[in-house]
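I have placed the structure first, in the form of structure tokens, so that the comments after it can refer back to it.
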Amino acid sequence: MMHILLNQNKNKLKKDTYYESLIQNIYYDTPNYDFLKSALDKQEYKEKLRVRTYNQITKDSQVFVEIKKKSNSIVYKRRTTLSYEHYINDGITGNNQVFNEVAWLKNRYHLEPMLYISYLRHAFVGIDDSSFRITFDQNILYRNEAVSLSTHPLSKDITPYKQMVMEIKTCGSLPLWLVDFLNTNQIYPTHYSKYKACSIHMHNEGVI
């Protein structure tokens, strides 16, 4: 579907500056996967702590640290960065408010690196509107063993039949050409969370 969309709308979309990215994430959790279980329980209040990298990792690569909290359908996000070398040697530490919040979360819940998720992303932006963006994520893999910021043969695919996840981001309404394309191909919006998909897989496997 990605190729059909792009071929039919060559004059509407162009490759993003970071067109192709291997995105790797580590989610911190309790030893009993309490955060991951909350994704299954549909709790009103949820918390996540994750670190993320883009593309090939070197010692100077940026590691993005994110705290996400969801309360009554409202999402709050806090973000900061550090170098990969710092992360490997000293963990999630630093001298700003976000690092202080990370330390508090880790101490309160005894958080450890418990889940790895990676995927290959292709990103496109609107030629006439740079705030309009479409991304396609494929080869979505996860593992709860050997959790580190690197690919590993233990990783498992969570997308059946090699499906992609398409995400549309815009500050305004969808352009008419895209609305026509979605309607013609009977593509409708739905909620999808890679994190929750992993929780379902791990629950079915008896891990959580």
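The values are calculated or read from the model by the stated rules, or taken from the named source; none is laboratory data. Given the structure is predicted, the values throughout are model-derived calculations rather than measurements. Note that we place each Cβ from the backbone using ideal geometry, even for glycine, and neighbour counts take in every protein chain shown. Heads up: the accessible areas ignore ligands, DNA and RNA and are worked out on the full protein's heavy atoms, side chains in. Shrake-Rupley method; radii C 1.70, N 1.55, O 1.52, S 1.80 Å.
For segment 1-115, with only Lys/Arg (+1) and Asp/Glu (-1) charged at the beta-carbon, what is the dipole magnitude about the Cα centre, in debye rounded to 20?
The dipole of segment 1-115 has a size of about 580 debye.
Just to be sure I understand: with springs between alpha-carbon atoms less than 10 Å apart, which residue in 191, 122, 86 has the highest mean-square fluctuation in the Gaussian network model of the chain?
Maximum among the listed residues: 191.
With a cut-off of 8 Å between alpha carbons and a minimum separation of six or more residues, what is the relative contact order of segment 63-117 in percent?
24 percent
About its Cα centre, what dipole magnitude does segment 98-185 give when the only charges are +1 on Lys and Arg Cβ and -1 on Asp and Glu Cβ, stated in debye to the nearest 20?
Result for segment 98-185 is approximately 280 debye, rounded to the nearest 20.
Probe radius 1.4 Å, ligands and nucleic acids ignored: give me the carbon and sulfur share of the accessible area of segment 1-55 as a rounded percent.
Reported share for carbon and sulfur atoms: 46 percent.
Only sites in a loop by DSSP and with at most 13 other Cβ atoms within 10 Å count here; which trypsin sites (Lys or Arg not before Pro) in segment 1-80 make the cut?
Here the trypsin sites (Lys or Arg not before Pro) that fit, given the DSSP loop and packing criteria, are 10, 42, 59.
So which residue, out of 98, 147, 75, gets the largest mean-square fluctuation from a GNM of the chain using Cα contacts under 10 Å as springs?
The residue that fluctuates most here is 75.
If I compute solvent accessible area with a 1.4 Å probe over the protein chains, what percent of it on segment 103-208 is carbon and sulfur?
On segment 103-208, the fraction of accessible area on carbon and sulfur atoms equals 53 percent.
Please report the antiparallel percentage of DSSP beta bridges with both residues in segment 1-158, rounded to the nearest 5.
Expressed as a percentage, antiparallel bridges in segment 1-158 total about 100.
Exposed loop GluC sites (Glu not before Pro) only (DSSP loop, at most 15 other Cβ atoms within 10 Å): please give the longest stretch of the chain free of them, not including the sites.
45-144
With every protein chain present, what is the per residue accessible area of segment 143-208 (1.4 Å probe, Å²)?
In whole numbers, segment 143-208 has 67 Å² accessible per residue.
Quick check for you: with a 1.4 Å probe and neighbouring chains kept, what is the accessible area per residue of segment 13-140, in Å²?
For segment 13-140, the per-residue accessible area is 53 Å².
Quick one: ranking 164, 2 by accessible area, 1.4 Å probe, largest first, what do you get?
So the residues, ranked largest to smallest area, are 164, 2.
With the chain treated as a Gaussian network of Cα nodes joined by springs under 10 Å, which of 183, 100, 144 yields the largest mean-square fluctuation?
Top of the fluctuation ranking is 183.
Between residue 18 and residue 150, what FRET efficiency comes out of the Förster formula 1/(1 + (r/R0)^6) with R0 = 22 Å and r the beta carbon distance, rounded to 0.05?
Rounded to the nearest 0.05, the efficiency is 0.65.
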